[in-house]
Amino acid sequence: MLSRLSYEIKPYSLNFIKKPLVLDDYHEANSSNWFTHDMIECNYFYNNSLGQEEAVHTELYNEMTKSVIDGEVDEAKNLALRALVEDVDPLDAINNGYVIGINDVGDKFSKGQCFLPELVMAGEAMKAALAVLEPEMAKQGTERKVLGNVVLATIQGDIHDIGKTLVGIMLSSNGFRVFDMGVDAHIDALMQKTVEVHADIIAVSALLTTTMINQRTLIEQLVESRLREQVKVMVGGAPVTQDWANEIGADGYSEDAIGAVFVAKQLLGHN
Ligand code: B12
């Protein structure tokens, strides 16, 4: 017989079950047809394969995922606080809850299935949750496995920061340690930071055709100062293209933030 919990589990639970149902099914799931045989079968399987405590955590993870997808900043933060009170491992909360949400929104943005304000709000919700959970992880000494150090900035002369910040959120959500140098970041400062933090990647954004040139200057100066072999360079921003990346000798380019994660992993051999 199905337990009461079955009926409380939201569609997002299906993320954790090896069943080809995806978040896109959520809207459909909200229709009256949701309690299909498949769903009941899934939750039956689910309830019988997890202990009560894990099931409760899974419900919390699902709420976390949803808070990011819905761009609910306060909700995301409150759920993170609840995780701490309920002794949920912060790393599990990040990986099983929030990251699933931000990756879903990022993926939808890439496919033109959602728009910038939704992506920005999802990023804000993600940041609010990380701000609660990361200090706790540091305290517990359970920091996430770091895939690599990334020095990130909007290049010298340019003050656009929305895209750069989204790239930073996606990279840090997916295991990179990001040192965000903000906007109008001077090339000297970027190089200094690269040395200081042993950066594996420098990721620079440019939104102006006039400041794209500074991405080239950065690479030239890295070569001159013999830092070029030690660090990969990724470039992006609305006017930047793969051709431009090739022309200036950058190692990686992506047209969006979710692609930036893929490229960064690839550059460091994590794919
Ligand atoms: C918002 C905006 C502003 C805001 C910026 C607010 C902020 N906090 O960032 C304000 C009002 C301040 C602004 C100012 C200016 N702006 Co403006 N701005 C824009 C606008 C409308 C949107 C930019 C944006 O945020 N896009 C959304 C983000 C998510 O997209 P994105 O940045 O491209 O990032 C994505 C990808 O490119 C990629 N990505 C981004 N960075 C990186 C980095 C890496 C490493 C990787 C891999 C990927 C990656 O991932 C991101 C997420 O998917 C654009 C028009 C447009 N449609 O692009 C004009 C635009 C960029 N601005 C423009 C101009 C001219 C200016 C000003 C010079 C205007 C002026 N005369 O003062 C000033 C710039 C001053 C300066 N020194 O920088 C022009 C540039 C024209 C050109 N060819 O150079 C544009 C194209 C508008 C236009 N059509 O004329 N701007």
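Computed quantities for the displayed model
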read-out: Single residue of segment 231-244 satisfying the filter (surrounded by fewer than 17 Cβ atoms within 10 Å (Cβ to Cβ) and modelled with pLDDT of 95 or more) that is nearest to the ligand (Cβ to nearest atom); value: P239
read-out: Unique residue being surrounded by 15 or more Cβ atoms within 10 Å (Cβ to Cβ), more than 16 Å from the ligand (Cβ to nearest atom) and more than 26 Å from E255 (Cα to Cα) when the list is E86, E75; value: E75
read-out: Test set (1) of a type outside the set (S, T, Y); (2) within 26 Å of the chain's Cα centre (by Cα); (3) surrounded by 20 or more Cβ atoms within 10 Å (Cβ to Cβ) - L222 fails condition number; value: (2)
read-out: Selected residue (only one of E247, E224 is over 17 Å from M191 (Cβ atoms), among the acidic types (D, E) and more than 12 Å from the ligand (Cβ to nearest atom)); value: E247
read-out: Filtered residues of segment 154-186 (kept if farther than 22 Å from E196 by Cα and away from the ligand (no atom under 11 Å from the Cβ)); value: S173, N174
read-out: Strands (runs of 3 or more DSSP E) contained entirely in segment 109-217, each with at least 3 residues that are touching an Asp or Glu at 6+ places or on another chain (Cβ under 8 Å); value: 148-154
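Rundown of residues vs (1) under 14 Å from M170 (Cα atoms); (2) free of Cβ contacts under 8 Å to residues at least 24 places away in the same chain, yes/no style:
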position: A93; (1), (2): no, no
position: V105; (1), (2): yes, no
position: V120; (1), (2): yes, no
position: G123; (1), (2): yes, no
position: M126; (1), (2): yes, no
position: V132; (1), (2): no, no
position: K139; (1), (2): no, yes
position: G148; (1), (2): yes, no
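The values are calculated or read from the model by the stated rules, or taken from the named source; none is laboratory data. A quick note: this is a predicted structure, and the numbers were derived from the prediction, not measured. Virtual Cβ from ideal backbone geometry, glycine too; neighbours counted across all protein chains shown.
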